[in-house]
Amino acid sequence: MRAEFNSALDNTILPFLQAPSAASHGDALAPVVLALAVILAAAKLGGDAAERMGQPAVLGELVVGVLVGNLTLLGVDWFQFITENATIGVLAQLGAVILLFEVGLESTVRDMMQVGFRSLAVAVLGVVAPWALGWWVGALLLPEHSVYVHAFLGAVLTATSIGITARVLKDLGHAQSPEARIIMGAAVIDDVLGLVVLAAVAAVIAAADSGAGLSYGALALVFGKALVFLVGALSLGVVLSPRLFSVASRLRGRGVLLATALTFCFTLAWLASAIGLAPIVGAYAAGLILEDLHYRELAAKEEKQLEDLIRPISSFLVPVFFVLMGMRVDLSALMRPEILGLAAALTVAAIVGKQACAVGALGSRLDWLSIGIGMIPRGEVGLIFANIGLTLVVRGEHIIDAATYSAVVIMVMLTTMITPPALKWSLSRRRLR
(Lines give C-alpha, C1' and ligand atoms only; values in the text may rest on other atoms or scores of the structure.)
Protein backbone atom coordinates (compact mmCIF):
# COMPACT_ATOMS: atom_id res chain seq x y z
CA MET A 1 0.00 0.00 0.00
CA ARG A 2 2.81 2.38 0.96
CA ALA A 3 4.72 1.56 -2.24
CA GLU A 4 1.64 2.31 -4.31
CA PHE A 5 1.15 5.62 -2.49
CA ASN A 6 4.79 6.64 -3.06
CA SER A 7 4.55 5.66 -6.71
CA ALA A 8 1.41 7.71 -7.17
CA LEU A 9 2.95 10.65 -5.34
CA ASP A 10 6.06 10.51 -7.51
CA ASN A 11 3.99 10.34 -10.68
CA THR A 12 2.04 13.39 -9.53
CA ILE A 13 4.84 15.59 -8.21
CA LEU A 14 7.99 14.57 -10.07
CA PRO A 15 6.91 15.91 -13.47
CA PHE A 16 6.82 19.38 -11.91
CA LEU A 17 10.16 18.96 -10.12
CA GLN A 18 11.87 17.59 -13.22
CA ALA A 19 11.36 20.87 -15.05
CA PRO A 20 15.10 21.37 -15.63
CA SER A 21 15.17 18.51 -18.15
CA ALA A 22 12.26 20.05 -19.98
CA ALA A 23 13.65 23.55 -19.70
CA SER A 24 15.81 23.05 -22.78
CA HIS A 25 12.62 22.51 -24.78
CA GLY A 26 10.30 24.84 -22.95
CA ASP A 27 10.20 27.36 -20.15
CA ALA A 28 13.58 27.77 -18.40
CA LEU A 29 12.02 30.07 -15.81
CA ALA A 30 9.73 27.46 -14.24
CA PRO A 31 12.39 25.49 -12.30
CA VAL A 32 13.95 28.74 -11.07
CA VAL A 33 10.73 30.16 -9.60
CA LEU A 34 9.88 26.79 -8.05
CA ALA A 35 13.34 26.56 -6.49
CA LEU A 36 13.02 30.10 -5.11
CA ALA A 37 9.62 29.25 -3.62
CA VAL A 38 11.08 26.21 -1.84
CA ILE A 39 14.19 28.05 -0.66
CA LEU A 40 12.41 31.14 0.68
CA ALA A 41 9.75 29.09 2.46
CA ALA A 42 12.37 26.80 4.00
CA ALA A 43 14.52 29.77 5.01
CA LYS A 44 11.70 31.52 6.84
CA LEU A 45 10.60 28.32 8.57
CA GLY A 46 14.17 27.54 9.61
CA GLY A 47 14.82 31.10 10.69
CA ASP A 48 11.64 31.15 12.76
CA ALA A 49 12.53 27.86 14.46
CA ALA A 50 16.03 29.13 15.28
CA GLU A 51 14.78 32.39 16.72
CA ARG A 52 12.20 30.56 18.84
CA MET A 53 15.13 28.67 20.35
CA GLY A 54 17.00 31.89 21.00
CA GLN A 55 19.41 31.50 18.07
CA PRO A 56 20.08 33.82 15.12
CA ALA A 57 18.01 33.18 12.01
CA VAL A 58 21.11 32.42 9.95
CA LEU A 59 21.70 29.21 11.90
CA GLY A 60 18.18 28.03 11.09
CA GLU A 61 18.63 28.86 7.41
CA LEU A 62 21.82 26.80 7.25
CA VAL A 63 20.37 23.82 9.12
CA VAL A 64 17.15 23.72 7.10
CA GLY A 65 19.27 23.79 3.95
CA VAL A 66 21.19 20.73 5.16
CA LEU A 67 17.93 18.92 5.96
CA VAL A 68 16.25 19.71 2.63
CA GLY A 69 19.39 18.88 0.66
CA ASN A 70 19.74 15.46 2.29
CA LEU A 71 16.18 14.25 1.94
CA THR A 72 17.62 11.96 -0.75
CA LEU A 73 18.90 9.77 2.11
CA LEU A 74 15.22 9.04 2.83
CA GLY A 75 14.48 8.33 -0.81
CA VAL A 76 13.04 11.77 -1.50
CA ASP A 77 14.85 13.44 -4.39
CA TRP A 78 12.25 16.08 -5.23
CA PHE A 79 14.57 19.00 -4.40
CA GLN A 80 17.75 17.70 -6.04
CA PHE A 81 17.20 19.98 -9.03
CA ILE A 82 17.74 23.07 -6.87
CA THR A 83 21.45 22.46 -6.25
CA GLU A 84 21.94 21.59 -9.92
CA ASN A 85 20.33 24.78 -11.20
CA ALA A 86 23.00 27.22 -12.39
CA THR A 87 20.69 30.23 -12.10
CA ILE A 88 20.04 29.51 -8.41
CA GLY A 89 23.79 29.24 -7.90
CA VAL A 90 24.30 32.68 -9.44
CA LEU A 91 21.52 34.17 -7.30
CA ALA A 92 23.15 32.69 -4.19
CA GLN A 93 26.49 34.28 -5.08
CA LEU A 94 24.71 37.57 -5.71
CA GLY A 95 23.12 37.21 -2.27
CA ALA A 96 26.58 37.00 -0.71
CA VAL A 97 27.65 40.15 -2.57
CA ILE A 98 24.55 42.05 -1.43
CA LEU A 99 25.03 40.88 2.16
CA LEU A 100 28.59 42.14 2.31
CA PHE A 101 27.62 45.44 0.68
CA GLU A 102 24.83 45.88 3.23
CA VAL A 103 27.20 45.14 6.11
CA GLY A 104 29.79 47.54 4.72
CA LEU A 105 27.20 50.30 4.66
CA GLU A 106 26.99 50.06 8.45
CA SER A 107 30.59 51.29 8.81
CA THR A 108 32.77 53.89 7.09
CA VAL A 109 36.42 54.21 6.19
CA ARG A 110 36.73 56.73 9.03
CA ASP A 111 35.37 54.16 11.47
CA MET A 112 37.77 51.53 10.21
CA MET A 113 40.78 53.83 10.50
CA GLN A 114 40.08 54.26 14.20
CA VAL A 115 40.66 50.55 14.78
CA GLY A 116 42.77 49.92 11.70
CA PHE A 117 46.00 48.76 13.31
CA ARG A 118 44.18 46.38 15.64
CA SER A 119 42.16 44.99 12.73
CA LEU A 120 45.39 44.40 10.83
CA ALA A 121 46.98 42.65 13.81
CA VAL A 122 43.90 40.49 14.33
CA ALA A 123 43.80 39.61 10.63
CA VAL A 124 47.49 38.70 10.32
CA LEU A 125 47.39 36.51 13.42
CA GLY A 126 44.14 34.99 12.18
CA VAL A 127 45.85 33.87 8.98
CA VAL A 128 49.29 32.75 10.19
CA ALA A 129 48.14 30.63 13.15
CA PRO A 130 45.40 28.61 11.34
CA TRP A 131 47.67 28.06 8.33
CA ALA A 132 50.41 26.62 10.54
CA LEU A 133 47.98 24.46 12.53
CA GLY A 134 46.20 23.21 9.41
CA TRP A 135 49.52 22.31 7.79
CA TRP A 136 50.53 20.43 10.96
CA VAL A 137 47.21 18.51 11.16
CA GLY A 138 47.57 17.51 7.51
CA ALA A 139 51.14 16.28 8.04
CA LEU A 140 50.11 14.37 11.17
CA LEU A 141 46.95 12.66 9.90
CA LEU A 142 47.69 12.46 6.16
CA PRO A 143 51.39 11.45 6.05
CA GLU A 144 50.85 9.48 2.85
CA HIS A 145 49.89 12.66 1.00
CA SER A 146 52.33 15.23 -0.37
CA VAL A 147 53.39 18.43 1.35
CA TYR A 148 51.24 20.31 -1.15
CA VAL A 149 48.12 18.72 0.36
CA HIS A 150 49.25 19.74 3.86
CA ALA A 151 49.96 23.31 2.74
CA PHE A 152 46.59 23.58 1.03
CA LEU A 153 44.73 22.33 4.12
CA GLY A 154 46.45 25.09 6.05
CA ALA A 155 45.34 27.60 3.42
CA VAL A 156 41.72 26.41 3.73
CA LEU A 157 41.78 27.14 7.47
CA THR A 158 42.88 30.75 6.92
CA ALA A 159 39.46 31.70 5.56
CA THR A 160 36.95 33.67 7.61
CA SER A 161 33.32 33.95 6.55
CA ILE A 162 32.49 37.64 6.78
CA GLY A 163 28.91 36.85 5.83
CA ILE A 164 28.21 34.43 8.69
CA THR A 165 29.62 36.66 11.44
CA ALA A 166 28.09 39.79 9.91
CA ARG A 167 24.64 38.22 9.85
CA VAL A 168 25.04 37.00 13.46
CA LEU A 169 26.21 40.40 14.71
CA LYS A 170 23.35 42.06 12.87
CA ASP A 171 20.77 39.62 14.25
CA LEU A 172 22.10 40.20 17.78
CA GLY A 173 22.09 44.00 17.39
CA HIS A 174 25.88 44.41 17.71
CA ALA A 175 26.75 45.43 14.15
CA GLN A 176 27.87 48.90 15.30
CA SER A 177 29.94 47.84 18.33
CA PRO A 178 33.73 48.44 18.43
CA GLU A 179 34.26 44.66 18.47
CA ALA A 180 32.11 44.29 15.35
CA ARG A 181 34.16 46.91 13.50
CA ILE A 182 37.36 45.13 14.54
CA ILE A 183 35.96 41.80 13.35
CA MET A 184 34.62 43.21 10.08
CA GLY A 185 37.80 45.12 9.35
CA ALA A 186 39.95 42.12 10.23
CA ALA A 187 37.69 39.77 8.27
CA VAL A 188 38.09 41.82 5.09
CA ILE A 189 41.88 41.88 5.49
CA ASP A 190 41.80 38.25 6.59
CA ASP A 191 39.93 37.25 3.42
CA VAL A 192 42.37 39.17 1.27
CA LEU A 193 45.37 37.65 3.04
CA GLY A 194 43.75 34.21 2.93
CA LEU A 195 43.09 34.54 -0.79
CA VAL A 196 46.66 35.68 -1.30
CA VAL A 197 47.88 32.59 0.56
CA LEU A 198 45.50 30.44 -1.50
CA ALA A 199 46.70 32.01 -4.76
CA ALA A 200 50.34 31.51 -3.77
CA VAL A 201 49.84 27.87 -2.75
CA ALA A 202 47.81 27.18 -5.90
CA ALA A 203 50.58 28.76 -8.01
CA VAL A 204 53.20 26.56 -6.31
CA ILE A 205 51.03 23.48 -6.91
CA ALA A 206 50.47 24.37 -10.57
CA ALA A 207 54.20 24.93 -11.05
CA ALA A 208 55.02 21.62 -9.36
CA ASP A 209 52.54 19.77 -11.56
CA SER A 210 54.07 21.22 -14.72
CA GLY A 211 57.61 20.62 -13.49
CA ALA A 212 58.43 24.32 -13.63
CA GLY A 213 59.71 26.55 -10.86
CA LEU A 214 57.85 29.51 -9.39
CA SER A 215 59.64 32.85 -9.48
CA TYR A 216 59.66 35.29 -6.59
CA GLY A 217 58.41 37.89 -9.05
CA ALA A 218 55.22 35.92 -9.67
CA LEU A 219 54.65 35.56 -5.94
CA ALA A 220 55.26 39.28 -5.44
CA LEU A 221 52.67 40.01 -8.12
CA VAL A 222 50.07 37.92 -6.28
CA PHE A 223 50.72 39.75 -3.02
CA GLY A 224 50.76 43.11 -4.78
CA LYS A 225 47.27 42.62 -6.24
CA ALA A 226 45.65 42.53 -2.83
CA LEU A 227 47.55 45.59 -1.57
CA VAL A 228 46.78 47.62 -4.68
CA PHE A 229 43.09 46.74 -4.54
CA LEU A 230 42.63 47.62 -0.88
CA VAL A 231 44.58 50.86 -0.93
CA GLY A 232 43.31 51.89 -4.36
CA ALA A 233 39.64 51.06 -3.75
CA LEU A 234 39.44 52.79 -0.39
CA SER A 235 41.55 55.82 -1.33
CA LEU A 236 40.07 56.50 -4.76
CA GLY A 237 36.58 55.44 -3.70
CA VAL A 238 36.36 58.04 -0.95
CA VAL A 239 37.32 60.73 -3.48
CA LEU A 240 35.21 59.54 -6.42
CA SER A 241 32.06 58.46 -4.59
CA PRO A 242 30.80 61.98 -3.71
CA ARG A 243 31.33 63.10 -7.31
CA LEU A 244 29.51 60.04 -8.65
CA PHE A 245 26.44 60.70 -6.53
CA SER A 246 26.58 64.41 -7.29
CA VAL A 247 26.25 63.62 -10.99
CA ALA A 248 23.57 61.01 -10.30
CA SER A 249 21.49 63.54 -8.34
CA ARG A 250 20.89 65.44 -11.58
CA LEU A 251 19.18 62.45 -13.18
CA ARG A 252 15.41 62.31 -13.32
CA GLY A 253 13.26 59.30 -12.55
CA ARG A 254 12.80 56.93 -9.65
CA GLY A 255 15.34 54.61 -8.03
CA VAL A 256 18.43 56.62 -8.97
CA LEU A 257 20.00 56.27 -5.50
CA LEU A 258 19.63 52.49 -5.43
CA ALA A 259 20.80 52.06 -9.02
CA THR A 260 23.88 54.24 -8.48
CA ALA A 261 24.83 52.45 -5.25
CA LEU A 262 24.43 49.01 -6.82
CA THR A 263 26.44 50.11 -9.85
CA PHE A 264 29.24 51.18 -7.51
CA CYS A 265 28.99 47.92 -5.55
CA PHE A 266 28.96 45.63 -8.57
CA THR A 267 31.81 47.52 -10.24
CA LEU A 268 34.09 47.08 -7.23
CA ALA A 269 33.01 43.43 -6.89
CA TRP A 270 33.94 42.90 -10.55
CA LEU A 271 37.27 44.65 -10.11
CA ALA A 272 38.09 42.43 -7.13
CA SER A 273 37.23 39.34 -9.17
CA ALA A 274 39.20 40.61 -12.17
CA ILE A 275 42.44 40.71 -10.14
CA GLY A 276 41.84 37.31 -8.57
CA LEU A 277 40.14 38.28 -5.29
CA ALA A 278 36.68 37.29 -4.07
CA PRO A 279 33.87 39.56 -5.32
CA ILE A 280 32.57 39.84 -1.75
CA VAL A 281 35.75 41.73 -0.81
CA GLY A 282 34.94 44.38 -3.41
CA ALA A 283 31.31 44.52 -2.31
CA TYR A 284 32.27 45.10 1.31
CA ALA A 285 34.80 47.75 0.29
CA ALA A 286 32.07 49.51 -1.72
CA GLY A 287 29.74 49.59 1.27
CA LEU A 288 32.57 50.78 3.48
CA ILE A 289 33.37 53.67 1.14
CA LEU A 290 29.82 54.99 0.87
CA GLU A 291 28.79 57.46 3.56
CA ASP A 292 25.54 59.33 4.17
CA LEU A 293 27.20 62.58 3.15
CA HIS A 294 27.99 61.20 -0.31
CA TYR A 295 24.34 60.65 -1.26
CA ARG A 296 22.56 63.02 1.15
CA GLU A 297 21.08 65.07 -1.71
CA LEU A 298 19.73 61.99 -3.49
CA ALA A 299 18.34 60.52 -0.25
CA ALA A 300 16.50 63.78 0.48
CA LYS A 301 15.14 63.83 -3.06
CA GLU A 302 13.83 60.27 -2.88
CA GLU A 303 12.88 60.53 0.83
CA LYS A 304 14.50 57.17 1.59
CA GLN A 305 17.85 56.07 2.98
CA LEU A 306 20.05 53.68 1.02
CA GLU A 307 19.90 51.05 3.77
CA ASP A 308 16.11 50.98 3.51
CA LEU A 309 16.29 50.52 -0.25
CA ILE A 310 18.79 47.66 -0.02
CA ARG A 311 16.91 45.75 2.70
CA PRO A 312 14.16 44.20 0.47
CA ILE A 313 16.79 42.96 -1.98
CA SER A 314 18.79 41.49 0.88
CA SER A 315 15.71 39.78 2.36
CA PHE A 316 15.21 38.04 -0.98
CA LEU A 317 18.74 37.05 -2.03
CA VAL A 318 20.63 36.43 1.22
CA PRO A 319 18.45 33.48 2.36
CA VAL A 320 19.02 31.88 -1.06
CA PHE A 321 22.74 31.96 -0.35
CA PHE A 322 22.54 30.41 3.14
CA VAL A 323 19.98 27.71 2.28
CA LEU A 324 21.88 26.64 -0.83
CA MET A 325 25.08 26.48 1.25
CA GLY A 326 23.35 23.97 3.50
CA MET A 327 21.82 21.99 0.65
CA ARG A 328 25.23 21.32 -0.88
CA VAL A 329 26.36 19.35 2.18
CA ASP A 330 26.28 15.56 1.68
CA LEU A 331 25.67 13.94 5.07
CA SER A 332 26.12 10.41 3.69
CA ALA A 333 29.79 11.13 3.01
CA LEU A 334 30.35 12.24 6.59
CA MET A 335 29.73 8.92 8.35
CA ARG A 336 33.16 7.30 7.88
CA PRO A 337 35.22 7.23 11.14
CA GLU A 338 38.49 8.31 9.52
CA ILE A 339 36.81 11.30 7.94
CA LEU A 340 35.23 12.27 11.24
CA GLY A 341 38.64 12.06 12.95
CA LEU A 342 40.22 14.35 10.37
CA ALA A 343 37.21 16.66 10.57
CA ALA A 344 37.49 16.86 14.37
CA ALA A 345 41.19 17.69 14.21
CA LEU A 346 40.63 20.33 11.52
CA THR A 347 37.80 21.85 13.56
CA VAL A 348 39.94 22.13 16.69
CA ALA A 349 42.78 23.64 14.65
CA ALA A 350 40.33 26.07 13.03
CA ILE A 351 38.95 27.24 16.37
CA VAL A 352 42.26 27.43 18.24
CA GLY A 353 43.98 29.11 15.30
CA LYS A 354 41.44 31.92 15.16
CA GLN A 355 41.67 32.46 18.92
CA ALA A 356 45.27 33.50 18.33
CA CYS A 357 43.97 36.60 16.58
CA ALA A 358 42.41 37.71 19.88
CA VAL A 359 45.96 38.55 20.99
CA GLY A 360 45.73 41.53 18.66
CA ALA A 361 43.02 43.01 20.89
CA LEU A 362 44.93 42.65 24.16
CA GLY A 363 45.95 45.83 25.96
CA SER A 364 42.63 47.55 25.23
CA ARG A 365 39.12 47.57 26.66
CA LEU A 366 37.84 45.55 23.73
CA ASP A 367 36.23 42.16 24.34
CA TRP A 368 39.07 40.05 22.96
CA LEU A 369 37.17 36.77 23.47
CA SER A 370 34.25 37.95 21.31
CA ILE A 371 36.72 39.06 18.63
CA GLY A 372 38.35 35.64 18.59
CA ILE A 373 34.99 33.86 18.43
CA GLY A 374 33.76 36.19 15.69
CA MET A 375 36.66 35.12 13.46
CA ILE A 376 35.89 31.38 13.79
CA PRO A 377 33.31 30.60 11.03
CA ARG A 378 34.66 29.46 7.67
CA GLY A 379 31.28 29.36 5.89
CA GLU A 380 31.16 30.06 2.18
CA VAL A 381 34.81 31.12 1.97
CA GLY A 382 36.03 27.79 3.36
CA LEU A 383 33.85 25.89 0.90
CA ILE A 384 35.16 28.00 -1.98
CA PHE A 385 38.72 27.14 -0.94
CA ALA A 386 37.87 23.43 -0.70
CA ASN A 387 36.20 23.43 -4.12
CA ILE A 388 39.32 24.97 -5.64
CA GLY A 389 41.34 22.19 -4.04
CA LEU A 390 39.21 19.61 -5.84
CA THR A 391 40.42 21.00 -9.17
CA LEU A 392 44.15 21.07 -8.31
CA VAL A 393 46.37 18.10 -9.19
CA VAL A 394 50.06 17.39 -8.62
CA ARG A 395 51.55 14.48 -10.56
CA GLY A 396 48.17 12.75 -10.72
CA GLU A 397 47.28 13.31 -7.04
CA HIS A 398 44.24 15.42 -6.26
CA ILE A 399 45.09 18.03 -3.65
CA ILE A 400 41.66 17.63 -2.04
CA ASP A 401 40.09 14.21 -2.66
CA ALA A 402 36.49 13.28 -1.86
CA ALA A 403 37.27 12.08 1.68
CA THR A 404 39.34 15.13 2.60
CA TYR A 405 36.71 17.40 1.08
CA SER A 406 34.04 15.79 3.28
CA ALA A 407 36.21 16.42 6.36
CA VAL A 408 36.65 20.05 5.34
CA VAL A 409 32.88 20.39 4.90
CA ILE A 410 32.32 19.09 8.44
CA MET A 411 34.82 21.63 9.74
CA VAL A 412 33.07 24.41 7.84
CA MET A 413 29.67 23.36 9.18
CA LEU A 414 30.82 23.04 12.79
CA THR A 415 32.69 26.36 12.87
CA THR A 416 29.70 28.02 11.24
CA MET A 417 27.19 26.50 13.65
CA ILE A 418 29.33 26.99 16.77
CA THR A 419 29.86 30.69 16.22
CA PRO A 420 26.29 32.07 16.65
CA PRO A 421 25.63 30.57 20.12
CA ALA A 422 29.23 31.13 21.23
CA LEU A 423 29.22 34.76 20.08
CA LYS A 424 25.83 35.34 21.66
CA TRP A 425 27.11 33.92 24.96
CA SER A 426 30.30 35.99 24.82
CA LEU A 427 28.53 39.26 24.08
CA SER A 428 25.89 38.66 26.77
CA ARG A 429 28.64 37.78 29.26
CA ARG A 430 30.13 41.21 28.75
CA ARG A 431 26.77 42.95 29.28
CA LEU A 432 26.40 41.20 32.64
CA ARG A 433 29.65 42.63 33.95
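The values are calculated or read from the model by the stated rules, or taken from the named source; none is laboratory data. These numbers come from a predicted model, not from an experiment. With ideal geometry, Cβ positions are generated from the backbone for all residues, glycine too; neighbour counts draw on all protein chains shown. Keep in mind that these areas ignore ligands, DNA and RNA; they rest on the heavy atoms of the full protein, side chains included. Shrake-Rupley method; radii C 1.70, N 1.55, O 1.52, S 1.80 Å.
Anything over 19 Å Cα to Cα? Flag those among Lys170/Lys424; Lys354/Lys424; Lys170/Lys304, in the order listed.
Result: Lys170/Lys304 exceed 19 Å.
Keeping all protein chains in place and using 1.4 angstrom, which order do Arg296, Arg250, Arg378 fall into by accessible surface area, from largest down?
Sorted by accessible area, descending: Arg250, Arg296, Arg378.
For Ser146 and Lys301, what is the calculated FRET efficiency with R₀ set at 56 Å and r taken between the beta-carbons, to the nearest 0.05?
Between Ser146 and Lys301 the formula returns 0.40.
When the solvent-accessible surface of protein heavy atoms is calculated with a 1.4 angstrom probe, in what order do Arg254, Arg118, Arg52 fall, highest first?
Arg254, Arg52, Arg118
Give me a comma-separated list of calculated 3J(HN,Hα) values for the range 332-344, in order, Karplus coefficients 6.51, -1.76, 1.60 applied at θ = phi - 60°, integers in Hz, x for any Gly or Pro.
5, 7, 9, 9, 7, x, 5, 6, 5, x, 5, 4, 5
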